[in-house]
Amino acid sequence: MAMDFRKINIDQYDEDKLLEEELYEPDPRDPETVLAEAKQKAAGVRGFISKGDIVGALSSILENAPYGPKVDDAKIITLQSLLLILNSTKPVDIPAIIKALPSDAHDTLMKYLYKAMAMPGYADVNSGALLTWHEKVRTYT
């Protein structure tokens, strides 16, 4: 009986509780459309990588990236594609690739780098590659 009070969610009574939907504008696209676009971009990324066009792959995946609630599957697919790109890039090529990207792509890339760093043990995360990319992106922003 004394432990019952710990099972009460007191946040439900808080009028000033900040909801995830209030943090940012939702993606104006339909979640199914966002997921389809993410899958299409992921397939395109593999083609860019096979051709050796890392700038094209990064530009493609970072352009119009999914954001907001209800698009988690698209976010995961995009992150996996980005990690594939980052892990398949030689460290000596990174500065030239970053220079070729527009500045808003730098911001989006940095967000994905932080997201990947927050997932230690995730299958495709290579911490060394993430830190190298982080260092290089930071020098150009």
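The values are calculated or read from the model by the stated rules, or taken from the named source; none is laboratory data. Computed from a predicted structure; not experimentally measured. Please note: Cβ atoms are built from the backbone with ideal geometry, for glycine as well, and neighbour counts cover all protein chains shown. Remember, those area values only see protein heavy atoms, side chains included, never the ligands or the DNA or RNA. Shrake-Rupley method; radii C 1.70, N 1.55, O 1.52, S 1.80 Å.
From the set of residues in segment 4-47 that are open to solvent by 60 Å² or more (accessible area, probe 1.4 Å), in contact (Cβ under 8 Å) with a residue 24 or more places away in the chain and not charged (D, E, K, R), which is farthest from Asp73 (Cα to Cα)? Residue satisfying both the conditions and the ranking: Tyr24.
Among the conditions (1) under 14 Å from the mean Cα position of the chain (by Cα); (2) modelled with pLDDT of 90 or more, the only one that Tyr67 does not satisfy is (2). Taking segment 28-61 as the range and being in contact with a Pro (Cβ under 9 Å, 6 or more places away or on another chain) and among the aliphatic types (A, V, I, L, M) as the test, the residues that pass are Val34, Leu35, Ala38.
Can you tell me which residue within segment 11-35, out of those that are among the hydrophobic types (A, V, I, L, M, F, W, C) and over 18 Å from the mean Cα position of the chain (by Cα), is nearest to Lys70 (Cα to Cα)? Reasoning before the result, please.
In the first step, residues of segment 11-35 are kept if they are among the hydrophobic types (A, V, I, L, M, F, W, C); the result is 18-19, 23, 34-35.
Adding the requirement that they be over 18 Å from the mean Cα position of the chain (by Cα) leaves 18-19.
Details: Leu18: 17, Leu19: 14 Å.
If we take residues in segment 11-35 being among the hydrophobic types (A, V, I, L, M, F, W, C) and over 18 Å from the mean Cα position of the chain (by Cα), then Leu19 is nearest to Lys70 (Cα to Cα).
State the number of residues belonging to segment 24-62 that are among the hydroxyl-bearing types (Ser, Thr, Tyr), farther than 25 Å from Lys90 by Cα and in contact with a Phe, Trp or Tyr (Cβ under 9 Å, 6 or more places away or on another chain).
From segment 24-62, those among the hydroxyl-bearing types (Ser, Thr, Tyr) are 24, 33, 50, 59-60; that's our starting set.
Subset that is farther than 25 Å from Lys90 by Cα: 24, 33.
Going one step further and asking which of them are in contact with a Phe, Trp or Tyr (Cβ under 9 Å, 6 or more places away or on another chain), we end up with 24.
Matching residues across segment 24-62 total 1.
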